[in-house]
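The values are calculated or read from the model by the stated rules, or taken from the named source; none is laboratory data. Just so it is clear, the model here is predicted, and its values are computed rather than measured. Reconstructed Cβ throughout: ideal geometry from the backbone, glycine too, with neighbour counts over all protein chains shown. SASA here: full protein model, heavy atoms, side chains in, ligands and nucleic acids out. Shrake-Rupley method; radii C 1.70, N 1.55, O 1.52, S 1.80 Å.
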Amino acid sequence: IFPLCCCSQEIQKVALRSFSSSVRRQLDNKVPQKQKLFQNDGIPIHLKGGTADALLYRTTMALTILGTGYVVYELVKAAFPKK
Amino acid sequence: MAHQAHAYHMVDPSPWPLTGAIAALLMTSGLAVWFHFHSTTLMILGTILLLLTMFQWWRDVVREGTFQGHHTPPVQKGLRYGMILFITSEVFFFLGFFWAFYHSSLAPTPELGGCWPPTGITTLDPFEVPLLNTAVLLASGVTVTWAHHSIMEGERKQAIQSLALTIALGFYFTFLQAMEYYEAPFTIADGVYGSTFFVATGFHGLHVIIGSMFLAVCLLRQIHFHFTSEHHFGFEAAAWYWHFVDVVWLFLYISIYWWGS
């Protein structure tokens with residue numbers, strides 16, 4: 001999972017770095033670590049990333065259920081117009 | 001722990017198809033509620049749910065492919081077929097709007113003055129901003145191809161630069177088109193000319209924005225080392241989509257901006 005706010009700063013650093021090979025803040029390849037973290041162990045993929053996954057899932061599901069209830073309410077209300 | 005004896009991908013159970021379907025329900029019902037009862041709550045809720053679904057669904061696809069290795073050659077082939085079929089469906093979507101345009105413009109009714117462009121419509125000069133827009137998108141097609149070759153050749157820095165340039169060109173197109181919309185001497189309410197112009201170019205603009213977002217995600221993934229020189233289908237899918245957007249613009253430019261002026 002990649003950070004949402006990967007700002008232009010990071011892009012600039014990676015894109016404009018040219019001749020200097022001296023120490024600078026470099027983006028490391030974290031894919032092998034991610035590959036280890038996401039090993040098959042029974043937890044479904046949408047929750048395997050940890051707490052953040054679970055929070056995001058619960059928020060989404062809560063909105064889904066609330067939304068379903070709200071839309072049924074609105075549709076029933078619309079179907080029986082008040083005179 | 002069980003290991004599969006085949007190269008295909010048996011996906012983990014996922015909640016996102018359900019949340020996506022509910023999002024679609026909320027967005028469509030919300031549209032109707034907005035029209036009749038002037039409340040946008042339901043529609044906005046649906047849009048939020050749609051964005052959450054898209055983010056988590058595609059995050060999971062990246063996890064399954066890049067981190068779990070499920071995108072074997074047969075699976076990748078299926079993904080390729082899927083993207084091609086999706087783009088084909090989008091072609092048919094745009095065909096409908098081109099049909100509408102040619103239906104009205106090839107046989108202009110007496111109400112329009114029997115001519116095209118209709119009486120009273122000041123069209124945009126096709127050799128001003130629209131021509132610049134054409135150059136911008138064509139250039140972006142070159143830069144995205146440059147990005148592809150850079151990825152295949154393992155040139156990390158060049159891939160990042162050319163992909164970023166492609167996205168910048170996409171944003172430049174969107175900005176120019178927004179300016180054109182603001183300055184246009186006619187509106188969507190100006191008869192069938194206005195309708196065909198803004199619906200066709202409007203949906204195209206939406207697809208430019210979608211394509212730019214897709215490429216931006218690819219840029220982030222490229223920066224984070226997700227793509228290898230042999231395996232980078234996410235990028236290829238984005239590039240295909242981008243070329244499709246470019247081709248639609250070329251048809252729009254020739255038909256509506258140039259022939260139709």
The residue that is farthest from B:GLY20 (Cα to Cα), considering only those in segment A:27-56 that are open to solvent by less than 70 Å² (accessible area, probe 1.4 Å), at the interface with chain B (Cβ under 7 Å from one of its Cβ atoms) and part of a helix (DSSP H, G or I), is A:VAL31
Note on B:PRO13: of the conditions (1) at the interface with chain A (Cβ under 8 Å from one of its Cβ atoms); (2) open to solvent by 50 Å² or more (accessible area, probe 1.4 Å); (3) in a helix (DSSP H, G or I); (4) not aromatic (Phe, Trp, Tyr), unmet is (3)
Those residues of segment B:197-225 that are open to solvent by 20 Å² or more (accessible area, probe 1.4 Å) and not basic (Lys, Arg) come to a total of 14
Does segment B:67-75 include one or more residues that are surrounded by 14 or more Cβ atoms within 10 Å (Cβ to Cβ), assigned to a helix (DSSP H, G or I) and on the phi < 0 side of the Ramachandran plot?
-> yes
Over segment B:16-52, the set of residues of a type in the set (Phe, Trp, Tyr) and more than 10 Å from chain A (Cβ to nearest Cβ) is B:TRP34, B:PHE35
Going through (1) more than 28 Å from B:ILE188 (Cα to Cα); (2) in the same structural domain as B:THR174 (by the TED database); (3) open to solvent by 60 Å² or more (accessible area, probe 1.4 Å) one by one, B:TRP58 fails only at (2)
ask   = Does segment B:53-65 include one or more residues that are within 14 Å of chain A (Cβ to nearest Cβ) and outside any helix (DSSP H, G or I)?
value = no
Can you find a residue in segment B:99-108 that is open to solvent by less than 40 Å² (accessible area, probe 1.4 Å), at pLDDT 95 or above, closer than 30 Å to B:GLY260 by Cα and in contact with a Cys (Cβ under 6 Å, 6 or more places away or on another chain)? yes
